[in-house]
């Protein structure tokens, strides 16, 4: 891939449930446990069939968390598994982010996901006294264990930092160094997201937006700390103007993440259309290209049915004309 190529994933997010036992004070996603009706497989199938002609590749299964000791935990995991299986059957590539999981839960979901993810957020335990005071699964050691298990299980993995939640600059660098060390042991981190905190209408915390003008500098630092094979991802909907976006790309970010109708985590900030981003990038000589939710070097880690599904999509992308831009709408169904 050319160093003048910027990638994104044509994606759609399925939410099994918004209920979550954590109460992060900056959250704009969760509802209280017991206050949400879980998405049925019938409803999911209806949604997924409507996407089959729209060029969507990735189905991001993004869920609130059911407490590990709750009686509904096994049913919750089974629903996530069934959604992944359904997405595969209908021709999509699932990627699940459902909070910290046990080793056995991860091993099970590996059967129906081409990749998985969990934001490390920040390694400093100081946040457990503030924004994560009522969020038991945000204990840094628990989330770090997830990264280690993903490596042991050979799961292609996405992680990242949440920026501007009262961490310091040294906290950010420590978190990046921790991710680099885990990757050096297992080689499984395909992407690191640098996600600026952006005020939402439903959050409790009265903190401010991350100082976006400092993001490009952090991108440069991350590019120095992380191994070169790890892709740096930035969310374009959380970057206020195109020049700041271009500055981050110039410093070493090269992926814009999953682009779909809604950012479920940041619902106040709609994703830009790929065509809009392509216009901005083309003006400075960059080309926007779609990608799969698994990078090619990890294909051999997959079980055969998943590997076959991935190869089908790779073949489809390879048939697209070059150097014309392939947008989500132009991908073959």
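Listing for the model above:
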quantity: Residue pairs meeting the criteria (Cβ under 7 Å; at least 6 apart or on separate chains; first without any contact (Cβ under 8 Å) to a residue 12 or more places away in the chain, in segment 278-307; second assigned to a loop (DSSP other than H, G, I, E, B) and surrounded by 12 or more Cβ atoms within 10 Å (Cβ to Cβ)); calculated: none
quantity: Residue list for segment 288-297, filter: over 17 Å from the mean Cα position of the chain (by Cα) and under 12 Å from residue 115 (Cα atoms); calculated: 296
quantity: Lone qualifier among 165, 155 - being crowded, with 16+ Cβ neighbours inside 10 Å, touching a strand residue (DSSP E or B) at 6+ places or on another chain (Cβ under 9 Å), in contact (Cβ under 8 Å) with a residue 12 or more places away in the chain and part of a loop (DSSP other than H, G, I, E, B); calculated: 155
quantity: Where residue 100 falls short, out of the listed (1) surrounded by fewer than 17 Cβ atoms within 10 Å (Cβ to Cβ); (2) touching a helix residue (DSSP H, G or I) at 6+ places or on another chain (Cβ under 7 Å); calculated: (1)
quantity: Residue check for residue 332: exposed (fewer than 13 other Cβ atoms within 10 Å of the Cβ), modelled with pLDDT under 95 and touching a helix residue (DSSP H, G or I) at 6+ places or on another chain (Cβ under 8 Å); calculated: yes
quantity: Qualifying residues in segment 112-138 (those that are part of a helix (DSSP H, G or I) and within 19 Å of the chain's Cα centre (by Cα)) - the one surrounded by the fewest Cβ atoms within 10 Å (Cβ to Cβ); calculated: 137
quantity: The lone exception for residue 94 - which of (1) surrounded by 21 or more Cβ atoms within 10 Å (Cβ to Cβ); (2) out of contact with any helix residue (DSSP H, G or I) (no Cβ under 6 Å at 6 or more places or on another chain); (3) within 26 Å of residue 73 (Cα to Cα) it fails; calculated: (2)
quantity: Selection count where residues are without any contact (Cβ under 8 Å) to a residue 40 or more places away in the chain and crowded, with 18+ Cβ neighbours inside 10 Å, scope segment 34-80; calculated: 1
quantity: Qualifying position, being at pLDDT 95 or above and more than 17 Å from residue 10 (Cβ to Cβ), among 292, 215, 277, 259; calculated: 215
quantity: Boolean, residue 85 is touching a helix residue (DSSP H, G or I) at 6+ places or on another chain (Cβ under 9 Å), in a helix (DSSP H, G or I), more than 30 Å from residue 318 (Cα to Cα) and at pLDDT 95 or above; calculated: no
quantity: Segment 19-66, residues that are over 23 Å from residue 256 (Cβ atoms) and in a strand (DSSP E or B); calculated: 19, 31
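Rundown of residues vs (1) more than 14 Å from the chain's Cα centre (by Cα); (2) surrounded by fewer than 19 Cβ atoms within 10 Å (Cβ to Cβ); (3) outside any strand (DSSP E or B), yes/no style:
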{"position": "190", "(1), (2), (3)": "no, no, no"}
{"position": "208", "(1), (2), (3)": "yes, yes, yes"}
{"position": "213", "(1), (2), (3)": "yes, yes, yes"}
{"position": "218", "(1), (2), (3)": "yes, no, yes"}
{"position": "221", "(1), (2), (3)": "yes, yes, yes"}
{"position": "224", "(1), (2), (3)": "yes, yes, yes"}
{"position": "229", "(1), (2), (3)": "yes, yes, yes"}
{"position": "245", "(1), (2), (3)": "yes, no, yes"}
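The values are calculated or read from the model by the stated rules, or taken from the named source; none is laboratory data. Since this is a predicted model, take the numbers as computed values, not measurements. When we count neighbours, we look across all protein chains shown, and the Cβ atoms used for this are built from the backbone with ideal geometry, even at glycine.
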